1. Which one is modelled with the highest pLDDT among residues in segment 12-29 that are of a type outside the set (K, R) and loosely packed, with under 10 Cβ neighbours inside 10 Å?
2. Can you pull out the residues in segment 53-75 that are surrounded by 11 or more Cβ atoms within 10 Å (Cβ to Cβ), charged (D, E, K, R) and either over 21 Å from K38 (Cβ atoms) or touching a residue at least 40 places away in the same chain (Cβ under 8 Å) (or both)?
3. Would you mind stating whether E78 is modelled with pLDDT under 95, surrounded by fewer than 12 Cβ atoms within 10 Å (Cβ to Cβ) and acidic (D, E)?
4. Looking only at segment 40-79, count every residue that is assigned to a loop (DSSP other than H, G, I, E, B) and closer than 28 Å to A89 by Cα and tell me the total.
5. Can we say V32 is in a loop (DSSP other than H, G, I, E, B) and over 26 Å from I20 (Cβ atoms)?
6. Mind telling me which of the residues T85, T93 ends up being part of a loop (DSSP other than H, G, I, E, B) and within 18 Å of the chain's Cα centre (by Cα)?
Amino acid sequence: MSSKKNTKGRSSKDANPKKIKKKTSVLVTEKVEYVDYKDVNLLTRFVSDRSKIRNRRVTGNDVQQQRDIANAIKNAREMALMPYTKRVAQTRTSRPPRDGEGRGRDRAEDQVVDNQVEGTEVDDDATDDVAVVEEGE
């Protein structure tokens with residue numbers, strides 16, 4: 001008995017009715033021969049809003065173009081022409097406390113912190129003296 005797998009149900013790549021058009025690279029459309037790390041305007045097209053390097057599938061580069069772009073972006077970051085990351089303000093909503101988990105321990109820690117804050121005193125006269133000495137020099 002020979003067991004053959006039924007492959008009729010599977011679809012091949014040729015049978016796909018929707019042809020996906022391959023993306024063309026920005027480097028090809030603008031006829032860029034050499035990717036320079038100083039050309040920040042070109043390099044920012046290959047970087048996401050959070051300063052991540054976009055992959056080949058998104059940009060449409062071939063392997064060598066993507067390697068050149070990645071190296072140029074890394075060099076530009078090293079020379080402080082491009083940021084490594086961009087700060088994104090994120091507002092977090094506070095979650096309601098969980099039922100019964102760690103309540104006693106959290107309250108004890110909060111009391112210790114409150115006692116430490118209440119025990120510290122700031123002398124206003126001492127800070128004024130330091131400011132006067134710095135101004136005099």
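The values are calculated or read from the model by the stated rules, or taken from the named source; none is laboratory data. Quantities reported herein were computed from a predicted structural model and do not represent experimental measurements. Methodologically, a virtual Cβ is constructed for each residue, glycine included, from the backbone with ideal geometry; neighbour enumeration extends over all protein chains shown.
1. Initial filter on segment 12-29 (of a type outside the set (K, R)): 12, 14-17, 20, 24-29.
With the extra rule that they be loosely packed, with under 10 Cβ neighbours inside 10 Å, the set shrinks to 12, 14-17, 20, 29.
Values: S12: 56, D14: 59, A15: 62, N16: 69, P17: 72, I20: 80, T29: 91.
Restricting to residues being of a type outside the set (K, R) and loosely packed, with under 10 Cβ neighbours inside 10 Å, the top hit is T29.
2. R56, D62
3. Values: modelled with pLDDT under 95: no; surrounded by fewer than 12 Cβ atoms within 10 Å (Cβ to Cβ): yes; acidic (D, E): yes.
Spelling it out, it is not the case that E78 is modelled with pLDDT under 95, surrounded by fewer than 12 Cβ atoms within 10 Å (Cβ to Cβ) and acidic (D, E).
4. Step one: filter segment 40-79 for residues assigned to a loop (DSSP other than H, G, I, E, B), giving 48-52, 54-55, 60-62, 79.
Within this subset, residues satisfying the condition of being closer than 28 Å to A89 by Cα are 48-52, 54-55, 79.
So the answer is 8.
5. So V32 fails the test.
6. Details: T93 fails: within 18 Å of the chain's Cα centre (by Cα).
T85 is the lone residue from the list that is part of a loop (DSSP other than H, G, I, E, B) and within 18 Å of the chain's Cα centre (by Cα).
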